[in-house]
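**Q** Have a look at this one.
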Amino acid sequence: MLTNKKRNISILMIILMLISLFTPSSLKAAGNNFIIKKAVLIKYTGNEKTVRIPKGVKKIGAKAFYGNIGIEKVIMPSTVKTIGKEAFSNCRNLQGIKLPKGIKKVENKAFANCSSLEKIIIPESVKSIGSKAFANCKNLTDLTVKSSKTKVKGDSFKGCKKIGNMNLDLTDSAENTVNENTEKKIADNHNDNAKKKEEIKEK
């Protein structure tokens, strides 16, 4: 009788081990609020204020955090190379995010409508910032793009009306007309807002 019970327990343990081995990584990660498949973070399902993205993730997938209003801060590992389209779009309470030094690409609308975001530093490693990547980040006041080689779309910061402290490294300006135009648009936008404030005070 005892032998049969032991045998059944052994069989059950073997079955559980096999299930664990062949369960897709995306399902395993789901229990920790992350659905990850082949190093791509497909979806975040949690509601923590501070989110630590697991090491080994190479890409934040499209709309992975879309519309999550619970997030206030995101910490990324150095393994992340790409932030996908609309990955953090409409995360309106997101206040802080530090892009890792090895990141290569920020895709279209990645941080669009993150209205609480105040500061962003684009590392030298970033090759391109997509269309409307930071559009309508209404409280973004501090912007730094560390490399003149980073390709910035003309509308990457569209609607960022409060940018005051702006540091765009455009030392290779002859080769970066897109960056020149972007700097001019942001600067003009800032100057227009300053003029409007002065006009209101005069009235």
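**Q** Just to be sure I understand the filter: pairs with C-beta atoms under 7 Å, separated by 6 or more residues or on different chains, first member in the range 133-148 and under 19 Å from Gly84 (Cα atoms), second member among the polar types (S, T, N, Q) and open to solvent by less than 10 Å² (accessible area, probe 1.4 Å). Which pairs pass?
**A** Filtered contacts from the range 133-148: Ala133/Ser156; Phe134/Ser156.
**Q** Considering only residues that are under 10 Å from the mean Cα position of the chain (by Cα) and open to solvent by 10 Å² or more (accessible area, probe 1.4 Å), which ones fall in the range 78-95?
**A** Thr82, Lys85, Glu86, listed by residue number.
**Q** Follow-up question, since we're still on this one. Just give me the residues in the range 41-72 being of a type in the set (A, V, I, L, M) and surrounded by 13 or more Cβ atoms within 10 Å (Cβ to Cβ), in sequence order.
**A** Leu41, Ile42, Val51, Ile53, Val57, Ile60, Ala62, Ala64, Ile71
**Q** Could you list, ordered by first residue, the pairs with Cβ atoms under 7 Å in which the first is in the range 152-168 and over 16 Å from Asp142 (Cβ atoms) and the second is assigned to a loop (DSSP other than H, G, I, E, B) and among the hydroxyl-bearing types (Ser, Thr, Tyr), at least 6 apart or interchain?
**A** Partner pairs satisfying both residue conditions: Lys153/Ser131; Asp155/Ser131.
**Q** Condition first: surrounded by fewer than 19 Cβ atoms within 10 Å (Cβ to Cβ), of a type in the set (A, V, I, L, M, F, W, C), over 10 Å from the mean Cα position of the chain (by Cα) and within 21 Å of Ile129 (Cα to Cα). Can you find one or more residues in the range 30-40 that meet it? Before the answer, list the steps.
**A** Kept after step one, since they are surrounded by fewer than 19 Cβ atoms within 10 Å (Cβ to Cβ), are these residues of the range 30-40: 30-33, 37-40.
Pick out the ones that are also of a type in the set (A, V, I, L, M, F, W, C) and you get 30, 39-40.
Filter once more, keeping what is over 10 Å from the mean Cα position of the chain (by Cα): 30, 39-40.
Applying the additional criterion that residues be within 21 Å of Ile129 (Cα to Cα) yields 40.
Yes: the range 30-40 contains one or more residues that are surrounded by fewer than 19 Cβ atoms within 10 Å (Cβ to Cβ), of a type in the set (A, V, I, L, M, F, W, C), over 10 Å from the mean Cα position of the chain (by Cα) and within 21 Å of Ile129 (Cα to Cα).
**Q** Taking Ile121, is it open to solvent by less than 60 Å² (accessible area, probe 1.4 Å), in contact with a strand residue (DSSP E or B) (Cβ under 6 Å, 6 or more places away or on another chain) and not in a loop (DSSP other than H, G, I, E, B)?
**A** No.
**Q** Related question: Do you know which residues across the range 31-56 are touching a residue at least 12 places away in the same chain (Cβ under 8 Å) and assigned to a strand (DSSP E or B)?
**A** Just the residues of the range 31-56 that are touching a residue at least 12 places away in the same chain (Cβ under 8 Å), to begin with: 32-34, 36-56.
Scanning the range 31-56 gives Phe34, Ile36, Lys37, Val40, Leu41, Ile42, Lys43, Tyr44, Thr50, Val51, Arg52.
**Q** For the condition of a type in the set (D, E, K, R) and surrounded by fewer than 19 Cβ atoms within 10 Å (Cβ to Cβ), what is the one hit in Lys138, Lys109, Lys132? Step through it out loud before you land on a result.
**A** Working: Lys109 fails: surrounded by fewer than 19 Cβ atoms within 10 Å (Cβ to Cβ); Lys132 fails: surrounded by fewer than 19 Cβ atoms within 10 Å (Cβ to Cβ).
It is Lys138.
**Q** Okay, moving on. Exactly one of (1) surrounded by 14 or more Cβ atoms within 10 Å (Cβ to Cβ); (2) modelled with pLDDT under 95; (3) farther than 21 Å from Val145 by Cβ is unmet by Leu27. Its number?
**A** For Leu27, the exception is condition (1).
**Q** Now for a separate question. Of the residues that sit in the range 86-118 and are in a strand (DSSP E or B) and at pLDDT 95 or above, which one is farthest from Val51 (Cα to Cα)? Break it down into steps so the answer makes sense when it comes.
**A** At the first step, the residues of the range 86-118 found to be in a strand (DSSP E or B) are 96-98, 105-106.
Cutting the leftovers down to at pLDDT 95 or above gives us 105-106.
Details: Lys105: 20, Val106: 19 Å.
Only one residue tops the list, namely Lys105.
**Q** Taking Ile75 and the conditions (1) in contact with an Asp or Glu (Cβ under 8 Å, 6 or more places away or on another chain); (2) closer than 23 Å to Lys38 by Cα; (3) open to solvent by 40 Å² or more (accessible area, probe 1.4 Å); (4) without any contact (Cβ under 8 Å) to a residue 40 or more places away in the chain, which numbered condition does it fall short on, given that it satisfies the others?
**A** (1)
The values are calculated or read from the model by the stated rules, or taken from the named source; none is laboratory data. Because the structure is predicted, anything quoted here is derived from the model rather than measured. Here Cβ is always computed from backbone atoms with ideal geometry, including for glycine, and neighbour counts include all displayed protein chains. With ligands, DNA and RNA removed, areas are computed over all heavy atoms of the protein, side chains included. Shrake-Rupley method; radii C 1.70, N 1.55, O 1.52, S 1.80 Å.
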